[in-house]
1. Between residue 264 and residue 28, how high is the FRET efficiency from 1/(1 + (r/R0)^6) when r is the Cβ-Cβ distance and R₀ = 41 Å? Nearest 0.05.
2. Using a Gaussian network model of the chain with C-alpha springs under 10 Å, which one of 225, 265, 147 is most mobile by mean-square fluctuation?
3. Fewest Cβ neighbours within 10 Å first, please rank 92, 146, 185 accordingly.
4. Looking at the chain as a GNM with Cα springs under 10 Å, which of 100, 171, 246 has the largest mean-square fluctuation?
5. Go ahead and estimate [θ] at 222 nm for the chain from helices alone: -39,500 (n - 2.57) per DSSP H run with n ≥ 4, summed, over the residue count, rounded to 500.
6. Going by C-beta contacts inside 10 Å, put 151, 276 in order with the fewest on the left.
7. Top mean-square fluctuation among 174, 83, 120, Gaussian network model of the chain, C-alpha springs under 10 Å?
8. For 232, 157, what's the fewest-to-most ordering of other Cβ within 10 Å of each Cβ?
């Protein structure tokens, strides 16, 4: 380990004493929304819808299925996120950026969050199975890998847990395309691989920004275990794989030359940022890469969808 690992954040969070229980319906709804990490849930939901729309030629007269995709994925992803927050409430209490979340701050009781998460997850999976068995099975697989394999089993044990987190993140897109086609195909696997390889870019840049937090909470991350240089090299490598898989999938679904050109420019920018972070590392560049990776994925998904 080197000193850089602990230079990202030196402030300490004030002790998170249990706050007064929230009574108002509006406040409680706001707490529920904060538990599902709305932006993260929205991004995963978009990938699922894009997976479905990527088979556009086969979707005439099937608008009701799209509503089923969006609704069931929203519930399943939200439920998984709440369950993760419930399980991680102890380490969240030790991290500056998370100690004021509803559970570690005491504004919500653990059993309430557990009930909410299980209800949302169960409703989402049942709805997905009702839409189509294959779709429901893949949705359940994503939830299982996220909550059980990644969060409960590996997150506190190995920095390589992000691969399983990436696998779970790829499931909504794979599920959406499998529903549209009735089977899993090569393009669906390519799109899922793009998400899988994009996840390290997103997570590792975040892990470097909050390295001190993760170290204080005892969560092993690649920057914490192998050092920042290895983490940056992993980001650059995974960015190459993600961009390659995304462009290959876009070509496979018939994205126009204009759309492919935009994706090539975005991919080149992503790779330049990733390689520059290896050669001339800085926290500002690292955070820029974190933000651009999300923009890159969102725009790429929209191009494939439309």
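Values quoted throughout were computed directly from the atomic coordinates according to the rules given, and no laboratory measurement underlies them. Bear in mind that the values here come from a model prediction, so they are computed numbers and not experimental data. Methodologically, a virtual Cβ is constructed for each residue, glycine included, from the backbone with ideal geometry; neighbour enumeration extends over all protein chains shown.
1. According to the calculation, E is roughly 0.30.
2. Maximum among the listed residues: 265.
3. Ordered by Cβ neighbours within 10 Å, fewest first: 185, 92, 146.
4. Per the Cα network of the chain with a 10 Å cutoff, 100 tops the list.
5. The per-residue figure over the chain is -24000 deg cm²/dmol.
6. Ascending Cβ contact count within 10 Å gives the list 276, 151.
7. Checking each option, the largest mean-square fluctuation is seen for 120.
8. Exposure proxy ranking, most exposed first: 157, 232.
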